[in-house]
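A short worksheet on the structure shown next.
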Amino acid sequence: MTDVQKQIAYWINGAIDDLESAEILIERKRMLHGLFFCHLVIEKMLKAHVVKISKEIAPRTHNLIYLLDKAHLELSESEEIFLGILMKYQLQGRYPDYNPIIPDKLIVQNYLKQTENLLQWLKKKL
């Protein structure tokens with residue numbers, strides 16, 4: 001039997017920790033790694049929602065669109081586009097031949113802010 005509240009807390013706490021890591025990495029100009037952590041923030045928050053809905057352990061996937069669907073949440077078109085952008089950066093570190101274009105600092109900082117905003121919205125929805 002799955003302890004749903006424990007699982008949800010696990011994912012939320014992980015997301016909050018990963019946001020701090022993203023902030024540090026981006027501040028230190030480690031943009032690609034910072035964006036990887038932005039993806040993790042949203043992935044973990046979506047997994048918290050999936051656990052809440054399904055009462056089961058979250059699926060082992062990194063696909064934000066799939067998790068969004070499983071969580072029964074609706075985002076605006078621009079937010080869904082943002083999920084697609086983040087998906088490009090979740091591959092970094094997993095596949096040595098994947099080299100996405102790294103946006104300039106202002107764009108990365110904007111992605112970080114969008115990540116923070118979406119994290120807060122997802123927390124309120126739990």
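Among L119, V4, L35, which residue has its Cα furthest toward the positive end of the charge dipole of the chain, with +1 on Lys/Arg Cβ and -1 on Asp/Glu Cβ?
After comparing all options, I get V4.
Hey, can you rank 104-116, 68-80 by average C-beta count inside 10 Å, highest first?
Output ranking for 104-116, 68-80: 104-116, 68-80.
Take the alpha carbon gyration tensor of segment 77-126, find the square roots of its eigenvalues, order them as a ≥ b ≥ c, and report rounded if a/c is under 1.5; if not, report prolate when a/b exceeds b/c, else oblate.
prolate
Using helices alone, I'd like the mean residue ellipticity at 222 nm for the chain: each DSSP H run of four-plus residues gives -39500 (n - 2.57), total over residue count, nearest 500.
The per-residue figure over the chain is -24000 deg cm²/dmol.
Strictly over 19 Å apart at the Cα level, which of K6/K125; K6/K52; K55/K113; K29/K123; K52/K123; K55/K123 would you flag in this model?
K55/K113; K29/K123
With every protein chain kept in place and ligands, DNA and RNA left out, what is the accessible area per residue of the chain? Probe 1.4 Å, answer in Å².
Accessible area per residue: 60 Å².
Shape of segment 1-91 from its Cα gyration tensor (a ≥ b ≥ c, root eigenvalues): rounded if a/c is under 1.5, otherwise prolate when a/b > b/c, or oblate?
Oblate, because a/c is 1.5 or more while a/b does not exceed b/c.
Where the accessible area of the chain is counted over protein heavy atoms with a 1.4 Å probe, how much of it, in %, is carbon and sulfur?
52 percent
Helix by helix through the chain, keep the DSSP H runs that span 15 Å or more along the axis on Cα and average at least -0.5 on Kyte-Doolittle, and give those back in order.
Span-like helices in the chain: 4-27, 31-54, 77-89.
The values are calculated or read from the model by the stated rules, or taken from the named source; none is laboratory data. None of the values given here were measured: they were computed from a predicted structure. Ideal geometry is used to build each Cβ from the backbone, glycine not excepted, and the neighbour counts take in all protein chains shown. What goes into the accessible areas is simple: the full protein's heavy atoms, side chains included, and nothing from ligands, DNA or RNA. Shrake-Rupley method; radii C 1.70, N 1.55, O 1.52, S 1.80 Å.
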